[in-house]
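Enquirer: Below you will find the structure I want to go over with you.
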Amino acid sequence: MKKEPIYVVSGYMRSGTSMMMKCLKNSGMNACYNKKKDDVLNKKYERDGYRPNPEGFYELGRKEFKVHDFAERYAGKLIKVLHWRLETLPEANYRVIFMKRDPKEIEVSYLKMFQRRPPFVLQKYEELVEETVKKLKARDIDVILVNFKDVIDDCSQVFKDIQLKKWPVSNIENVVKSVNRKLYRSKAENLNDTRKEIPNLRIDLPDNLVK
């Protein structure tokens, strides 16, 4: 018999993981995160009145991933784990929601926050996501893929589907209220303009990386 699962929200940076954490928390799930880290990250990356995650990042601190009783501590609870950290998680019963987003929107959001290009090759984004999900399933981890835009456009249906897949979502009405569409600020059509706004952004890249 499997132990109570650890519920995980994951995805590539700037793909809507924090929005999903907020929604699941407001649905009634027990979300664990480091509030001090929220303050540190927003202060670090705020510029010209732009705060990347004004409603929070919902992340654990580095040390919290290294505790000896990780599996027991977070059993039955909700945590956020960015894609690159998934392979380092200790053995446990995990259930994962993996967020997907238009890679051009990811780049716009990443450029705004970090003032540099993402470290992952977004032109191969679909392949990267597929590879990550394949590795999770090889560990017998249940994965639900959720599109960022679907949460924006039809939040109620997205969470009804999540509920049907046995996630402990109890208050969908609260979830719908918690989606702040004003924070949908990074659009694909703004990519070229955003690139031009970044100081010293490299332009001597192969054609497939500048389109």
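The values are calculated or read from the model by the stated rules, or taken from the named source; none is laboratory data. All of these numbers come straight from a predicted model, not from anything done at the bench. Cβ coordinates were reconstructed from backbone atoms using ideal geometry, including for glycine residues, and neighbour counts include every protein chain displayed.
Enquirer: Confirm whether Phe57 is assigned to a loop (DSSP other than H, G, I, E, B) and either at pLDDT below 95 or not hydroxyl-bearing (Ser, Thr, Tyr) (or both). Spell out the reasoning first.
Expert: Details: assigned to a loop (DSSP other than H, G, I, E, B): yes; either at pLDDT below 95 or not hydroxyl-bearing (Ser, Thr, Tyr) (or both): yes.
The answer is yes for Phe57.
Enquirer: Just name the residue that is nearest to Ala92 (Cα to Cα) out of those in segment 54-71 that are surrounded by 13 or more Cβ atoms within 10 Å (Cβ to Cβ) and among the acidic types (Asp, Glu).
Expert: Taking the candidates together, the pick is Glu64.
Enquirer: Quick one: is Gly16 closer than 17 Å to Asn180 by Cβ and either surrounded by 16 or more Cβ atoms within 10 Å (Cβ to Cβ) or under 19 Å from the mean Cα position of the chain (by Cα) (or both)? I'd like the intermediate steps shown before the answer.
Expert: Details: closer than 17 Å to Asn180 by Cβ: yes; either surrounded by 16 or more Cβ atoms within 10 Å (Cβ to Cβ) or under 19 Å from the mean Cα position of the chain (by Cα) (or both): yes.
Considered against the rule, which asks whether it is closer than 17 Å to Asn180 by Cβ and either surrounded by 16 or more Cβ atoms within 10 Å (Cβ to Cβ) or under 19 Å from the mean Cα position of the chain (by Cα) (or both), Gly16 comes out as yes.
Enquirer: Let me ask another. Out of everything in segment 151-176 that is more than 17 Å from the chain's Cα centre (by Cα) and buried (at least 19 other Cβ atoms within 10 Å of the Cβ), what residue ends up being farthest from Tyr94 (Cα to Cα)?
Expert: So the residue we want is Ile172.
Enquirer: Answer yes if at least one residue in segment 36-53 is surrounded by 15 or more Cβ atoms within 10 Å (Cβ to Cβ), within 14 Å of the chain's Cα centre (by Cα) and not in a helix (DSSP H, G or I), and no otherwise.
Expert: Yes, the conditions are met somewhere in segment 36-53.
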